[in-house]
Each structure stands twice: as C-alpha cells, then as structure tokens.
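Values in this text are rule-based calculations from the coordinates and carry no lab data. Source: prediction; values computed, not measured. In this analysis, Cβ positions are derived from the backbone assuming ideal geometry, glycine residues included, and neighbour counts consider all displayed protein chains.
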Amino acid sequence: MTTLTFNLTGPIVPKARARTTANGTYHPHRYTDWKKEAIADLSSQYQGEPLERAVISIQLTGRHNRQGDADNVAGSILDALVQARVLVDDNMKRVPSLAFSLEWDKKSEPMATVVLSSEVAA
C-alpha cells in the first residue's frame, strides 16, 4: 500500500458554483486564485504518475471558516488533486472512500492534511 500525505497551508476556499454572464462562464476570483496556489503547492509535493485509485482522508485543522459546506471544501481539494496530476480523476470509481474532518482551533493557523492510500480493492 502506498500512502501519500500532502499539506495545504492557509484557509481552504470552498468550491464555487460557476457564474454565467453575457461575457461567458467563470468562477469567482477568490476560488480560482486559491485553486492555482493549491495546484502549485500539490505539484511541488508530488512528482510521480497520477494515482488511478485512492482512499482519501481530508483533515482541516486550525482557524478555518466554518460557513462553507463540507462537500464544497472537499470538492475544492479533490479538483486541485486532479489538476495537479496527483489523481487521475475524482469520480467514485477512482475515489471509493472519502473522509473529512475539522478540528477547529481559533489559536492555530488553518491547514489541511490530505492523505491518499493508493492500493484499494477493485
């Protein structure tokens, strides 16, 4: 079994719904800026081939904004993992198990620890 651990510092920006205007479709700048940084951060922590399947655990610690939906926070991280080429895709065939937790602490800086375990039964 291969286990990879990634750390993302700073608050995680929840996945935003795309906005459509007369000029096209876009995501809010706050989300796109966060995602670019997260992709660069993940890419610097992993240089191998993208994983085909993985069980994923996401643990947020510290002073995160607790207003965002957990599924949107996890979605942001999963999208960044795919775009950083850590994971082939984030559909249920590729990610059969996903755990999410928050240990909120107003005295600690926000951080996310993402653990991927790559050998899972088909």
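Let me confirm something: among Ile58, Ile77, which residue is in a helix (DSSP H, G or I) and under 14 Å from the mean Cα position of the chain (by Cα)? Show your work before the answer.
Numbers: Ile58 fails: in a helix (DSSP H, G or I).
After ruling out the rest, the residue left standing is Ile77.
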query = (1) surrounded by 15 or more Cβ atoms within 10 Å (Cβ to Cβ); (2) touching a Lys or Arg at 6+ places or on another chain (Cβ under 9 Å); (3) of a type outside the set (Gly, Ala, Ser): which one isn't true of Leu60, the others all being true?
reply = (2)
note = Checked the range 80-110 for anything of a type in the set (A, V, I, L, M) and either within 22 Å of Ala40 (Cβ to Cβ) or part of a loop (DSSP other than H, G, I, E, B) (or both); matches are Ala80, Leu81, Val82, Ala84, Val86, Leu87, Val88, Met92, Val95
message = Checking Ser76 against (1) in contact (Cβ under 8 Å) with a residue 24 or more places away in the chain; (2) over 12 Å from Leu8 (Cβ atoms); (3) in contact with a Pro (Cβ under 9 Å, 6 or more places away or on another chain): exactly one of these is not met. Which one?
response = (2)
ask   = Mind checking whether some residue in the range 26-42 is surrounded by fewer than 19 Cβ atoms within 10 Å (Cβ to Cβ), over 23 Å from Ser117 (Cβ atoms), in contact with a strand residue (DSSP E or B) (Cβ under 7 Å, 6 or more places away or on another chain) and hydroxyl-bearing (Ser, Thr, Tyr)?
value = yes
remark   = Checked pairs for the range 1-27, first within 18 Å of Asn65 (Cβ to Cβ), second of a type in the set (S, T, N, Q) and assigned to a strand (DSSP E or B), C-beta under 9 Å and 6 or more apart or across chains, list as Leu8/Thr113
request  = Scan the range 82-113 for residues that are free of Cβ contacts under 8 Å to residues at least 40 places away in the same chain and either out of contact with any Leu (no Cβ under 7 Å at 6 or more places or on another chain) or surrounded by 18 or more Cβ atoms within 10 Å (Cβ to Cβ) (or both) and report the count.
outcome  = 6
